[in-house]
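Notes follow the structure.
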Amino acid sequence: MAVIKILPHPEYCPAGAEIEVPAGTSICEALLDHNIKIEHACDMSCACTTCHVIVREGFNSLNDAEEEEEDLLDRAWGLEPQSRLSCQAIVAQKDLVVEIPKYSINHAKENH
């Protein structure tokens with residue numbers, strides 16, 4: 001089991017959180033399983049960037065990003081070297097610190 005520490009996010013996790021998850025779980029699944037309602041517009045199929053997260057600690061313990069994920073990440077807002085699509089980032093045995101970016105490219109969420 002690994003611990004994921006989620007840094008505070010004004011909408012999804014205002015107080016921050018620490019959750020314990022089994023190895024082999026995606027970051028997105030782990031957050032959703034613990035009622036942290038991260039966006040995932042493509043239903044975790046690696047077809048969008050709404051579940052983009054920044055892995056502040058433990059990044060190198062995750063599985064390697066596939067080319068498809070890398071291509072999608074190029075479109076994400078606030079991209080950093082430690083950015084991953086949470087639906088594709090698989091937790092190993094190492095603890096993680098994860099930041100959910102403040103802004104997303106999910107236009108369906110905007111109030112127009």
With DNA, RNA and ligands ignored, accessible area of Asp74 (1.4 Å probe; Å², nearest 10)
110
Under a crude label model (7 Å from the Cα following the beta-carbon direction), how far is Ser45 from Val3 in nanometres?
3.7
Loop only by DSSP, 16 or fewer other Cβ within 10 Å of the Cβ. Give me the trypsin sites (Lys or Arg not before Pro) in the stretch 12-112 that pass, ordered by residue number.
Lys37, Arg75, Lys94, Lys102
At most 14 other Cβ within 10 Å, DSSP loop - chymotrypsin sites (Phe, Trp or Tyr not before Pro), the stretch 22-112:
Trp77, Tyr103
³J(HN,Hα) computed for each position of the stretch 7-20 - Karplus, 6.51 cos²θ - 1.76 cosθ + 1.60, integer Hz, glycine/proline x:
5, x, 9, x, 9, 8, 7, x, 9, x, 6, 10, 10, 9
If each Cα of the chain is one equal point scatterer, what is log10 of I(q)/I(0) from the Debye formula at q = 0.16, 0.18, 0.22 Å⁻¹?
-0.64, -0.83, -1.28
Can you list the residues of the stretch 1-37 with backbone N under 16 Å from a point 7 Å past the Cα of Glu57, pointing along Cα to Cβ?
2-8, 16-21
Surface accessible to a 1.4 Å probe, per residue, for the residues of the chain, Å²
56
Please figure out what share of the DSSP beta bridges in the chain is antiparallel and state it in percent, rounded to the nearest 5.
80
Surface share of carbon and sulfur [accessible, 1.4 angstrom probe, percent] for the chain
47
Which value at 222 nm does the chain reach when only helices count, each DSSP H run of 4 or more adding -39,500 (n - 2.57), with the total divided by all residues and rounded to the nearest 500 deg cm²/dmol?
-3000 deg cm²/dmol
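The values are calculated or read from the model by the stated rules, or taken from the named source; none is laboratory data. These numbers were taken from a predicted model, which means no experiment stands behind them. Cβ coordinates were reconstructed from backbone atoms using ideal geometry, including for glycine residues, and neighbour counts include every protein chain displayed. Protein only, heavy atoms only, side chains kept; ligands, DNA and RNA dropped before computing areas. Shrake-Rupley method; radii C 1.70, N 1.55, O 1.52, S 1.80 Å.
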